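These notes concern the structure reproduced below.
The values are calculated or read from the model by the stated rules, or taken from the named source; none is laboratory data. The structure displayed is predicted, hence computed values, not measured ones. Please note: Cβ atoms are built from the backbone with ideal geometry, for glycine as well, and neighbour counts cover all protein chains shown. Calculation scope for accessible area: heavy atoms of the full protein, side chains included, ligands and nucleic acids excluded. Shrake-Rupley method; radii C 1.70, N 1.55, O 1.52, S 1.80 Å.
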Amino acid sequence: MSSYELPKTYDFNETEERIYAMWEAGGYFQPHNDPNRPGFDPNVKPFVISIPPPNVTGELHTGHAIFVSLEDLMIRYHRMKGYSTLWVPGTDHAGIATQLMVERQLIKEGSRRETVGREEFLRRTWQWKEEKGGKITRQIRRLGASCDWTRERFTMDEGLTRAVREAFVRLYEAGKIYRGPRLINWSPGLKTAVSDLEVIYAEEPGTLYYFKYMLAGSQAFIPVATTRPETILGDTAVAVHPDDERYQQYIGKMVVVPILGREIPVIADEYVTRDFGSGALKITPGHDPNDYEIGHRHGLAMISILDKEARVNENGGPYAGLDRFEARKKLWGDMQAAGLVLKEEPYTLNVPRSERGGEIIEPMISEQWFVEIREQAEKGLTAVKNGEIKIVPEHFEKVYFNWLENIQDWCISRQLWWGHRIPVWYCAECGQQTCARQDPTACAHCGSDKIEQDPDVLDTWFSSALWPFSTLGWPEETPDFKYFYPTSYMETGYDILFFWVARMIMGGLEFTGQAPFKTVYLHGLVRDEHGQKMSKTKGNVVDPLLVMDELGTDALRFTLLVGSTPGKDTNLSLKKVESNRNFANKLWNIGRLVINAVSAQENAPATQADWTLADSWIWARVQNLVRDVERMFQNFQYGQAGQMIYDFVWSDFADWYLEIAKQQLAEGGPRAWQTAETLLRVFDISLRLLHPFTPFVTEEIWGHLRRATHQSHLKSLVAGWPEVLMIARWPEIRAEQGWEAQKVANFGLVQDVIRAIRNLRAEKSVKPGLKLPAIIVDASGLMKQEARTIAALSNLDDSRLSILDSLDSKPANHLGLVAGPIEIFLPLAELVDPAEDRARLARELAEAESQIARLENLLASDFANKAPAPLVQKEREKLAVYKESAGKIKAQLG
RNA sequence: GGGCGCGUAGCUCAGUUGGUUAGAGCGCCUCGCUUACACCGAGGAGGUCAGGGGUUCGAGUCCCUUCGCGCCCACCA
C-alpha cells in the first residue's frame with residue numbers, strides 16, 4: 001500500500017518562491033501558441049493584457065498589488081480556458097518623477113543638473129534606472145504575476161522609442177501636431193509645462209484685494225478685485241459687463257495701470273459677473289486662462305511678466321527680479337502708499353498646484369508643442385458608443401464621454417531632459433523645421449547643416465498612449481503584433497482613465513486603425529481598513545511586501561480580489577488578510593485529509609458502490625458552483641465568484657461533506673473507494689476554480705494531490721492531469737447521474753435534522769462527548785437510510801437509535817423536536833424543566849404558524865396568478881411543510 | 001457650476017436581467033484541543049437595507065424626492 005503524507009503545516013514563504021521559479025522555468029508564462037515558434041496555429045484564440053507599466057523607479061504599493069491580482073486572475077482564468085494568453089510586462093520611464101529623483105541625488109552631492117549638463121545627466125539617469133529599475137518587477141513577480149518576462153518592455157527601450165518617433169512623425173506630417181505660443185500651466189519648480197491633468201486644485205485660505213483703477217486724467221476710478229495683485233503688472237485691459245450701469249460710461253476710456261503708469265482700455269465683455277467682487281475685472285491675458293480668452297476676443301496685448309522661475313521680468317518695471325510672491329507684497333504696499341488700495345477681505349481660493357512638485361502652478365504663455373486632438377477624440381467617443389470598446393463598470397462610460405467631449409488640445413512638450421526627445425530640428429539658416437524618422441544631418445528645406453534639435457522631450461503619456469501596440473512591435477508588422485493585437489482587456493485604476501486609457505484608445509485608433517483593446521476594466525483605489533486614503537503622513541500605509549511576508553501572497557491576493565467590486569474603492573484590512581491566510585491553511589488541511597483518503601485505498605473493489613446522498617449532494621453543489629462561477633467571471637464579478645468558492649469549500653465541502661466522508665471512509669470496501677474518488681474529484685475542481693485567486697497554495701496542494709493519487713490505486717483518475725495546475729483545464733459542468741434536485745432537497749432535510757439535534761444539545765448543555773439515544777419518526781424512509789450520518793454528525797448513539805415510520809404517542813421522558821416533517825425524540829426530559837420545554841415548543845409553533853399565515857396570505861394574493869408558476873409551486877410546498885410541522889408540534893404539546 | 005458614486009449587523013463590506021424568512025469576514029456570547037485543521041469545530045445574539053413617496057402580485061435591487069458622505073470635471077476675478 002502506498003502512503004503519501006503532507007507536512008502538518010503549510011509554509012507559504014518557502015512554497016511561493018519555489019512554485020514561482022518552477023512556473024517560470026517551465027515556460028508556462030509564455031503563450032502556448034506563439035507566433036514566433038514552429039507549430040503556430042493562427043486559429044487558436046489569443047487573450048492579451050498589457051500591464052499598466054509601473055514607474056521604473058517605483059516601489060511596490062497596494063495599487064500595484066490590486067492590479068497584479070486582477071490581471072493575473074484574468075490571465076490565469078483564460079489560460080485555463082485554453083486561450084493562448086499573453087501578459088506583456090514592462091515599466092515606464094516616468095519623466096518627471098525619475099528626473100526629480102536623480103536631481104535630488106545631484107543636489108545631495110552639491111551639484112545640479114545644469115552643472116553636469118544634459119549628456120552627463122542622462123547617463124546618470126540611465127545608470128539610476130539600471131540600478132533601481134529592476135526592483136519593481138521583482139516585487140511584481142512576488143505577487144505571482146504570470147507575465148511573459150521574455151517580452152518585458154521599457155518605454156525608452158529601442159523599439160518603443162522607434163514607435164514614439166513614428167507616431168510623432170505621422171502626426172506631424174498629417175498636420176495634427178503644431179507648435180506655438182499658448183497659455184499653458186507652468187511649474188516654476190520643475191521649470192516645465194505640465195498638462196491640465198497634472199494640476200491639482202485645492203481650496204486654501206487667501207485674500208481678495210480691492211483697489212482703484214484710475215481713469216486716465218481723472219479722479220474717477222473703477223474698483224477692481226483680484227486674488228493675485230502681482231498680475232496687475234501684466235494687465236492689458238479692465239473689463240466690465242456691457243449692461244452694467246455703474247461702469248457703462250467708462251467703456252472705451254483708458255485707465256492707468258498702478259505704479260507702472262501704462263494706459264489700458266476699459267472693455268465690455270459678457271464674461272464679467274456683475275455681482276462678484278466689484279463687478280469689474282482686470283484682464284491679464286498673459287497669466288490667466290479666462291483673461292487669455294478675453295484677450296483674444298478683444299485683440300489685447302499679452303504681456304508676460306514672469307520668467308521661468310516665476311520671478312518678475314523686465315516687464316515688471318521696478319519689481320523686476322522679485323519672486324512673484326515678494327512682488328505681490330511690495331506692489332500692494334506701494335499701491336497702499338499711493339492711495340490706490342480700497343480694502344482686503346479674506347477669501348477662499350482654489351489654488352492650482354503641481355501634482356509632482358506641489359508648488360503653485362503659474363499660467364504662462366510659452367512656446368510648446370500641441371496635438372490637435374478633436375478628431376481623435378471623436379473617434380474615441382464613437383468606439384465606446386458603438387460598443388467596440390466596453391467599459392466595466394459601465395457608468396464610467398459617461399465620465400469618459402464627458403471628458404472627451406470637452407477635451408482641449410494636448411500640450412505634449414516638457415522642458416525636461418529625461419524622456420523622448422522631440423524629433424524636430426530647427427535650421428539656423430532658413431529658420432524652417434525638419435521632422436524626421438531618422439536623425440537628420442541637414443535641413444530638409446535648404447540643406448544647411450546648421451540645424452539643432454528641439455531641446456524638449458515629450459510628455460510621458462505620449463509613449464504610454466502607444467503601449468498596447470508599441471510593446472508588440474509596432475510599427476513593424478511583427479508576428480506578435482499581427483497575432484496578439486488588438487489586446488483583450490485593459491485593466492487599470494479609474495484614476496488614470498483620462499491620463500492613459502482615453503489616450504490609448506485615441507492612439508490605437510489613430511495609429512493602428514483599431515481599438516487597442518475590447519474591454520476596459522477599472523478597479524478602485526485601495527484604502528485602509530476604515531476607508532481612509534493611504535498616505536505616509538497619516539501613517540496608514542499598508543506595505544504589501546510585509547503583508548506577503550507575514551500572511552502570504554495568496555491571502556493578500558484573495559483579500560484584494562474578494563473585497564473589490566469593479567470601479568469601487570477597496571478597504572484593505574489586515575484582519576481580512578488574516579482570515580484569508582486561514583483559508584489557505586484550511587485548503588492545506590483539506591488536502592491532507594483527501595490525500596490520506598486517497599492513499600489509503602487498496603485495490604479497486606470488485607463491485608462499485610452507489611453514490612450516497614451526501615455524494616450526490618456535494619457533486620450537485622460543486623456543479624452548480626462551476627456554473628455560477630463561470631457566469632460571474634463572464635460578468636467581471638470576480639469578487640463574488642471568489643466569495644462563492646470560499647463558501648463552498650469551507651461550509652459545504654469541509655464542514656459537511658468531509659465529516660460525512662470520514663464515516664463513509666471508515667466503512668471500507670467499495671464505499672470507501674467511492675468516497676475517496678468523490679473527495680478527489682470535488683477537491684480537484686475546487687482547486688482549479690480557486691487557482692486564479694490563490695495560485696500558490698492551490699498549485700502546491702494540487703501537485704501533492706496529483707502525485708499522491710498517481711502513486712495510489714486511484715491513479716486512473718489523474719491520467720489526464722498536466723504537470724502543473726496553472727495549465728490544467730478550467731472545470732466544465734459534467735452531467736453525471738445521481739445529483740438531481742430531489743437529492744439536494746433530501747440532503748437539506750438531513751441537515752435540518754442534524755442541526756435541530758445539535759441546537760438542542762447546545763441549548764440544554766448536553767455534554768459534547770455524551771452519545772444520546774434517540775427516536776426519529778419519519779415515514780419516508782429517508783432518515784432510516786441516513787441514520788448513520790445523522791448519528792455521527794449529531795453525536796447520537798448509533799446502537800440505540802430507533803427510526804420509526806410512525807408513533808402513536810409521545811414517548812415518556814423525552815424531549816420532542818420537529819424538523820420539517822420529521823420528529824425527533826431525545827431522552828432528556830429529566831434534564832430540563834418541562835414547563836420551559838413546553839414554552840420552547842410553543843415558540844416553535846408560533847413561528848410555524850406565522851409562516852403559515854404569511855404564506856397563506858401570499859398565495860391568496862395576486863402572487864398566485866401573476867408570479868411564475870414554479871415560484872408559486874415552491875411557496876405551496878413550503879406551506880405544506882410548515883403545516884405538517886405545526887401539526888406535529890401541536891401533537892407534542894398535547 | 002456640471003457630472004458620478006455611496007449610505008445594508010458593533011466594524012469593514014458583498015448582494016447585475018426585481019422573486020423565499022437579506023449574507024460574509026472580523027468582533028461579541030455559550031460550549032468543545034473527537035486521529036485534516038484551535039490559522040479549528042458546534043451553537044447563539046445582532047439589521048424597520050439613511051428618510052419619504054411611487055411603479056409592481058412582489059423592491060436592498062427600478063423611478064422621483066429629502067438628508068448625510070465621498071469623488072471627478074470645470075475654475076468667478
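Does segment A:873-888 contain at least one residue that is more than 10 Å from RNA strand B (Cβ to nearest atom) and β-branched (Val, Ile, Thr)?
no
A quick yes/no check of all residues on (1) hydrophobic (A, V, I, L, M, F, W, C); (2) open to solvent by 40 Å² or more (accessible area, probe 1.4 Å); (3) out of contact with any helix residue (DSSP H, G or I) (no Cβ under 9 Å at 6 or more places or on another chain); (4) under 30 Å from A:Pro768 (Cβ atoms):
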residue: A:Lys784; (1), (2), (3), (4): no, yes, yes, yes
residue: A:Asp798; (1), (2), (3), (4): no, yes, no, yes
residue: A:Pro821; (1), (2), (3), (4): no, no, no, yes
residue: A:Arg843; (1), (2), (3), (4): no, yes, yes, yes
residue: A:Gln851; (1), (2), (3), (4): no, no, no, no
residue: A:Phe863; (1), (2), (3), (4): yes, yes, no, no
residue: A:Glu875; (1), (2), (3), (4): no, no, no, no
residue: A:Glu884; (1), (2), (3), (4): no, yes, yes, no
residue: A:Ala891; (1), (2), (3), (4): yes, yes, yes, no
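Anything in segment A:1-27 that is open to solvent by less than 50 Å² (accessible area, probe 1.4 Å) and either within 20 Å of A:Phe484 (Cβ to Cβ) or within 16 Å of RNA strand B (Cβ to nearest atom) (or both)? List them, or say none.
Initially, segment A:1-27 is screened for residues open to solvent by less than 50 Å² (accessible area, probe 1.4 Å), giving A:2, A:4, A:6, A:10, A:12, A:15-16, A:19-20, A:23, A:26-27.
Within segment A:1-27, A:Tyr4, A:Leu6, A:Tyr10, A:Phe12, A:Thr15, A:Glu16, A:Gly27 meet the criteria.
Only one of these conditions is not met by A:Asp148: (1) within 16 Å of RNA strand B (Cβ to nearest atom); (2) out of contact with any Gly (no Cβ under 6 Å at 6 or more places or on another chain). Which number is it?
(1)
Within segment A:490-547, track down each residue that is on the phi > 0 side of the Ramachandran plot and either within 11 Å of RNA strand B (Cβ to nearest atom) or crowded, with 20+ Cβ neighbours inside 10 Å (or both). Reasoning before the result, please.
Looking only at segment A:490-547, we keep the residues that are on the phi > 0 side of the Ramachandran plot, and these are A:513, A:531, A:539.
Result: A:Gly531, single match.
Would you check if A:Lys764 is open to solvent by less than 50 Å² (accessible area, probe 1.4 Å), of a type in the set (Lys, Arg), within 24 Å of A:Arg838 (Cα to Cα) and touching a helix residue (DSSP H, G or I) at 6+ places or on another chain (Cβ under 7 Å)? Break it down into steps so the answer makes sense when it comes.
Values: open to solvent by less than 50 Å² (accessible area, probe 1.4 Å): yes; of a type in the set (Lys, Arg): yes; within 24 Å of A:Arg838 (Cα to Cα): yes; touching a helix residue (DSSP H, G or I) at 6+ places or on another chain (Cβ under 7 Å): yes.
Answer is yes for this residue.
Within segment A:98-112, is even one residue of a type in the set (Lys, Arg) and surrounded by 18 or more Cβ atoms within 10 Å (Cβ to Cβ)?
no
Applying the selection to segment A:330-365, what residues are small (Gly, Ala, Ser) and either outside any strand (DSSP E or B) or touching a Cys at 6+ places or on another chain (Cβ under 9 Å) (or both)?
Within segment A:330-365, the first condition is being small (Gly, Ala, Ser), and the residues that meet it are A:333, A:337-339, A:354, A:357-358.
The answer is A:Gly333, A:Ala337, A:Ala338, A:Gly339, A:Gly357, A:Gly358.
Could you tell me which of the residues A:Gly189, A:Gly180, A:Gly175 is loosely packed, with under 15 Cβ neighbours inside 10 Å and assigned to a loop (DSSP other than H, G, I, E, B)?
Values: A:Gly189 fails: loosely packed, with under 15 Cβ neighbours inside 10 Å; A:Gly180 fails: assigned to a loop (DSSP other than H, G, I, E, B).
Only one candidate qualifies: A:Gly175.
Scan segment A:689-715 and report the pairs whose first residue is open to solvent by less than 10 Å² (accessible area, probe 1.4 Å) and whose second residue is among the acidic types (Asp, Glu), with Cβ atoms within less than 6 Å and a gap of 6+ or a chain change.
That search, which allows pairs on different chains as well, returns A:Thr694/A:Asp554; A:Phe696/A:Glu16; A:Phe696/A:Asp554; A:Val697/A:Asp554.
State all residues of segment A:232-271 that are more than 19 Å from A:His298 (Cα to Cα) and open to solvent by 10 Å² or more (accessible area, probe 1.4 Å); if no residue qualifies, say none.
A:Glu245, A:Arg246, A:Ile259, A:Leu260, A:Gly261
Using beta carbons and a limit of 6 Å, which pairs, at least six apart or on different chains, have the first residue in segment A:347-361 and within 18 Å of A:Thr192 (Cα to Cα) and the second one among the basic types (Lys, Arg) and more than 8 Å from RNA strand B (Cβ to nearest atom)?
A:Ile360/A:Arg353
Scan segment A:606-629 for residues that are open to solvent by 40 Å² or more (accessible area, probe 1.4 Å) and closer than 21 Å to A:Gln643 by Cβ and jot them down.
Restricting attention to segment A:606-629, the residues satisfying the condition of being open to solvent by 40 Å² or more (accessible area, probe 1.4 Å) are A:606-608, A:610-611, A:621, A:624, A:627.
Of everything in segment A:606-629, those that are open to solvent by 40 Å² or more (accessible area, probe 1.4 Å) and closer than 21 Å to A:Gln643 by Cβ turn out to be A:Arg621, A:Asn624, A:Arg627.
Which residue is surrounded by the fewest Cβ atoms within 10 Å (Cβ to Cβ), if the candidates are limited to segment A:371-388 and must be more than 15 Å from RNA strand B (Cβ to nearest atom) and under 30 Å from A:Gly189 (Cβ atoms)?
Selected residue: A:Glu372.
Look through segment A:281-294, keep the residues that are more than 7 Å from RNA strand B (Cβ to nearest atom) and outside any helix (DSSP H, G or I), and return whichever of them is nearest to A:Gln249 (Cα to Cα).
Our first condition is that a residue be more than 7 Å from RNA strand B (Cβ to nearest atom); within segment A:281-294, this holds for A:283-288, A:291-294.
If we keep only those that are outside any helix (DSSP H, G or I) as well, we get A:283-288.
On the way: A:Ile283: 19, A:Thr284: 22, A:Pro285: 24, A:Gly286: 27, A:His287: 28, A:Asp288: 26 Å.
It comes out as A:Ile283.
Do we find that A:Leu804 is in contact with a strand residue (DSSP E or B) (Cβ under 9 Å, 6 or more places away or on another chain) and at pLDDT 85 or above in this structure? Don't jump to the end; show me each part of the working.
Values: in contact with a strand residue (DSSP E or B) (Cβ under 9 Å, 6 or more places away or on another chain): yes; at pLDDT 85 or above: yes.
Yes: the conditions hold for A:Leu804.
Within segment A:362-407, count every residue that is of a type in the set (Asp, Glu) and in contact (Cβ under 8 Å) with a residue 40 or more places away in the chain. Even if it seems obvious, please write down each step before you answer.
First, the residues of segment A:362-407 that are of a type in the set (Asp, Glu): A:362, A:367, A:372, A:375, A:378, A:388, A:394, A:397, A:405.
Narrowing further to those that are in contact (Cβ under 8 Å) with a residue 40 or more places away in the chain: A:362, A:367, A:372, A:375, A:388.
Final tally of qualifying residues: 5.
Looking only at segment A:77-89, decide whether some residue is closer than 18 Å to A:Asp554 by Cα, aromatic (Phe, Trp, Tyr) and at pLDDT 95 or above.
So in segment A:77-89, the residues closer than 18 Å to A:Asp554 by Cα come out as A:77.
Subset that is aromatic (Phe, Trp, Tyr): A:77.
In the following step, the residues that additionally are at pLDDT 95 or above were identified as A:77.
Scanning segment A:77-89, I find at least one residue that is closer than 18 Å to A:Asp554 by Cα, aromatic (Phe, Trp, Tyr) and at pLDDT 95 or above, so the answer is yes.
If you scan segment A:567-591, which residues turn out to be closer than 15 Å to A:Asp554 by Cβ and near RNA strand B (Cβ under 6 Å from one of its atoms)?
Matches in segment A:567-591: A:Lys576, A:Ser579, A:Arg581, A:Asn582, A:Asn585, A:Lys586, A:Asn589, A:Ile590.
Got a sec? Which of A:Glu477, A:Glu491, A:Glu452, A:Glu529 is farther than 30 Å from A:Phe121 by Cα, in contact with a Phe, Trp or Tyr (Cβ under 9 Å, 6 or more places away or on another chain) and not in a helix (DSSP H, G or I)? Before the answer, list the steps.
Working: A:Glu477 fails: in contact with a Phe, Trp or Tyr (Cβ under 9 Å, 6 or more places away or on another chain); A:Glu452 fails: farther than 30 Å from A:Phe121 by Cα; A:Glu529 fails: in contact with a Phe, Trp or Tyr (Cβ under 9 Å, 6 or more places away or on another chain).
The conditions single out A:Glu491.
Could you figure out which of (1) of a type outside the set (Gly, Ala, Ser); (2) part of a helix (DSSP H, G or I); (3) under 30 Å from A:Lys533 (Cβ atoms) isn't true of A:Thr125?
Result: A:Thr125 passes all but (3).
Go through segment A:652-705 and give me each residue that's outside any helix (DSSP H, G or I) and either among the polar types (S, T, N, Q) or modelled with pLDDT of 95 or more (or both).
Taking segment A:652-705 and keeping what is outside any helix (DSSP H, G or I), we get A:667-668, A:691-694.
Those that are outside any helix (DSSP H, G or I) and either among the polar types (S, T, N, Q) or modelled with pLDDT of 95 or more (or both): A:His691, A:Pro692, A:Phe693, A:Thr694.
Among (1) closer than 23 Å to A:Thr9 by Cα; (2) assigned to a loop (DSSP other than H, G, I, E, B); (3) of a type in the set (Phe, Trp, Tyr), where does A:Trp588 come up short?
So A:Trp588 meets the others, but not (2).
Conditions: (1) open to solvent by 30 Å² or more (accessible area, probe 1.4 Å); (2) in a helix (DSSP H, G or I); (3) farther than 30 Å from A:Ile49 by Cβ. A:Glu203 meets all but one. Number of the miss?
Going through the list (1) open to solvent by 30 Å² or more (accessible area, probe 1.4 Å); (2) in a helix (DSSP H, G or I); (3) farther than 30 Å from A:Ile49 by Cβ, A:Glu203 breaks only (2).
Among the numbered criteria (1) modelled with pLDDT under 90; (2) of a type in the set (Asp, Glu); (3) open to solvent by less than 20 Å² (accessible area, probe 1.4 Å), which one does A:Glu355 miss?
The number of the failed condition is (3).
On the basis of being away from RNA strand B (no atom under 16 Å from the Cβ), more than 29 Å from the chain's Cα centre (by Cα), in a loop (DSSP other than H, G, I, E, B) and crowded, with 19+ Cβ neighbours inside 10 Å, does A:Trp417 make the cut?
Working: away from RNA strand B (no atom under 16 Å from the Cβ): yes; more than 29 Å from the chain's Cα centre (by Cα): yes; in a loop (DSSP other than H, G, I, E, B): yes; crowded, with 19+ Cβ neighbours inside 10 Å: yes.
Taking the combined requirement at face value, the residue satisfies it.
Sort through A:Ile391, A:Ile407, A:Ile360 and tell me the only one that's among the aliphatic types (A, V, I, L, M), open to solvent by less than 10 Å² (accessible area, probe 1.4 Å) and within 16 Å of RNA strand B (Cβ to nearest atom). Break it down into steps so the answer makes sense when it comes.
Working: A:Ile407 fails: open to solvent by less than 10 Å² (accessible area, probe 1.4 Å); A:Ile360 fails: open to solvent by less than 10 Å² (accessible area, probe 1.4 Å).
Exactly one of A:Ile391, A:Ile407, A:Ile360 is among the aliphatic types (A, V, I, L, M), open to solvent by less than 10 Å² (accessible area, probe 1.4 Å) and within 16 Å of RNA strand B (Cβ to nearest atom), namely A:Ile391.
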